[in-house]
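Visitor: Quick one: the structure is below, and I'll ask about it shortly.
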Amino acid sequence: MDPHFIETVLNLPEFRVFDFDLGDSGLSLHLQRRERSVVCPKCHRVCQRTQESRPRSIRDLSIFEHPVV
């Protein structure tokens, strides 16, 4: 499966799929923001560099009859 195809099907233009895993528990996507700058959730300033990242689960989204985990 092509990461660009997954991006197209999910229609998430602000993210780039850089990796994915299709296993018994479903499809795990590894995404990266396309925008370099983000607004800090603590100070509300625009930041050019990400200080941290964390995994997030979206369980109500499915693709090709596979749950997304």
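The values are calculated or read from the model by the stated rules, or taken from the named source; none is laboratory data. All values reported here derive from a predicted model rather than from experimental measurement. Note that each Cβ is placed from the backbone with ideal geometry, even for glycine, and that neighbours are counted across all protein chains shown.
Visitor: Can you find even one residue in segment 21-29 that is assigned to a strand (DSSP E or B), of a type in the set (Ser, Thr, Tyr), modelled with pLDDT of 70 or more and under 16 Å from MET1 (Cβ atoms)?
Guide: yes
Visitor: Would you be able to say whether some residue in segment 32-47 is in contact with a Leu (Cβ under 9 Å, 6 or more places away or on another chain), under 12 Å from PRO3 (Cβ atoms) and not β-branched (Val, Ile, Thr)?
Guide: no
Visitor: Take the conditions at pLDDT 70 or above and either touching a Ser or Thr at 6+ places or on another chain (Cβ under 8 Å) or of a type in the set (Lys, Arg) (or both) and apply them to ARG33. Does it pass?
Guide: So ARG33 fits the description; yes.
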